[in-house]
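The structure appears right after this line, and notes come after that.
Every number in this text was worked out from the coordinates using simple rules, so none of it is lab data. All values derive from a computational prediction rather than experimental measurement. Quick reminder, even Gly has a Cβ in these numbers, built from the backbone with ideal geometry, and neighbours come from all protein chains shown.
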Amino acid sequence: MIKNRKIQLTLMCIISLLAGFSLNAAFFAPSLKEQVRSKIQGPATKTNNIVQRSATQQPKTSNKVKLSKVSSNKADTQVSSHQPSDFKNEARHLVSKEENLLNDARLRVAIIQWASQDPVSAMAFTIEHQKYRASELVLTVAAQQQNQVLLSWLSNKSQHQHYETWLSSYFKHFAAINTATALQLAQNKLQGRHKDIATQAVIQVWVKTDINAALNWLHEHDYSSSQPSLYKLALESHIKQAPWEASIELMLMDEGEDKNQLINLLAKTLSEHDAYDAIEWSETLAQHHQQEAMSNILTTWASSNSAQNALDFIISRKDLQNSPETFEATIAALADKDRNLLIERLDEFPEAKQDEVIQQVSRAISTYGDEREYNTWFNSLPMGSQRAAASLTAVEATFSKNPEAAFTLAENIINPQERAKYISKVARVWAATDEAQAKYAVMMSQTLTEAQKQQIIESI
């Protein structure tokens, strides 16, 4: 019971730390620090676990509770006498022991305590013993204490494979405490790629707390042109936080792939808020941006709980039906969201577009449905182009994962040349896992000529 209690108390401590418990001076206050040490080094007693003493009560004394008994005066005396060497010795002792959950938790606590007093030696220890998860704890403590000595020391480790990860982590935690100082450090203490990594880490934190200030800083330091990745990062956050404000900033951005990607992100984000407003916005864009933006708006809309409204819109807009990429993407999203909706309203589409709708329904059923659903739906289609469209798409969707079923579907293709082509394609895939069965299926086919059968078997 005591051992289990020790494990429980230690893990509770670690969980609190790793869940974001602030590693400031309050954490290392003597009373709490003594409690942590007591939980790790000494057995918890029934008296200490159960009895809640008031400030005026005197703790009971017992030979069994000497290690864990805490009085305020004694606790202060013991903690003040702790030196970094105490935690260093404890960490070295624990790192030499068998690895298990309890020892790992104890080691982390020792590393955190050590780092609060001497982060450089604590970091060196974690690197020496390749305890890189513990390295992150050291970086967190040092950054939250705004300790710049560790950063200078880390520069000597710039060739280490984890250096850039450490640098980013340090500056993210530092920025959460003091953005201005973190930026100043990144700009003044680092050069080249390392400067960019540190600055990006700070910006990642800053855009979540004050996006306008971050954007202004980027403009003032000409990062919008010299470091477009940082500017893009800031705009992505701006779009998620305030899409309409971001749309103004985005219009001022130079043309390029980054702008294209951000416009698509903005289209999706606006559509999630109000698809109709998003559509009006897209119509104000330059012509070369309109189609892709509209496609992203409609696919986002079609994938939402308002799929019915998206379907109404695409049916009412002949111009969008004549835009192949936009129409295909929207119908595909609708088929994934609710294929029965498309089946029920198929007749509302122009006859020339119905085969395309059939293809997307066929793909969705083949991907997400089962053979019974597919056969029931397929048999409800009239003979002719609709069945042909359904068969072609179903074969494409299933031949790699279920060649036997795809072979049957391929035999339903009406066009003889297309039918032979797809049967051959499926047979070759099938033969990779069961050559004998694939050849037998070809020989028994009722839709192939003898010449076609021979040609397919020779190709397997």
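Some points to look at:
- Relative contact order (%) - criterion: Cα under 8 Å, at least six apart; region: the stretch 178-322: 13 percent
- Computed FRET value (nearest 0.05) for Gln187 with Met383, which takes r as the C-beta separation and R₀ as 60 Å: 0.25
- Whole-Å semi-axes of the ellipsoid equivalent to the stretch 255-302 (Cα gyration tensor, √5λ, descending): 16, 11, 8
- Normalised Debye scattering of the stretch 329-419 at q = 0.24, 0.26 Å⁻¹ gives log10 I(q)/I(0) of -1.29, -1.48, counting only Cα atoms as equal scatterers and leaving out solvent.
- Whole-number D in µm²/s for the stretch 262-354 (Stokes-Einstein; Kirkwood sum over Cα pairs; 4 °C, 1.567 mPa s): 99 µm²/s
- Distance from the stretch 254-277 to the stretch 348-380 (C-alpha centre basis), Å: 31 Å
- The packing ranking, built from the mean of other Cβ atoms within 10 Å per residue, places the peptides 380-388, 144-152, 392-400 in the order 392-400, 144-152, 380-388, highest first.
- By average C-beta atoms within 10 angstrom, highest first, the peptides 365-378, 107-120: 107-120, 365-378
- Sorted on the mean count of surrounding Cβ atoms within 10 Å across their residues, most packed first, peptides 173-184, 94-105 read 173-184, 94-105.
- Asn340 versus Asn375: modelled label distance in nm, points set 7 Å from Cα along the beta carbon direction: 2.1 nm
- Its alpha carbons considered, the stretch 97-186 gives a radius of gyration followed by a Dmax of 13.0, 44 Å.
- Whole-percent pair-distance distribution, where bins are 5 Å wide, for the alpha carbons of the stretch 211-265: 4, 21, 37, 26, 10, 0
- Note: relative contact order over the stretch 288-359, using C-alpha pairs below 8 Å and six or more positions apart, is 32 percent.
- Distance from the stretch 139-198 to the stretch 311-343 (C-alpha centre basis), Å: 50 Å
- Cα extents for the stretch 136-207 along the principal axes, largest to smallest and rounded to whole angstrom: 29, 25, 17.
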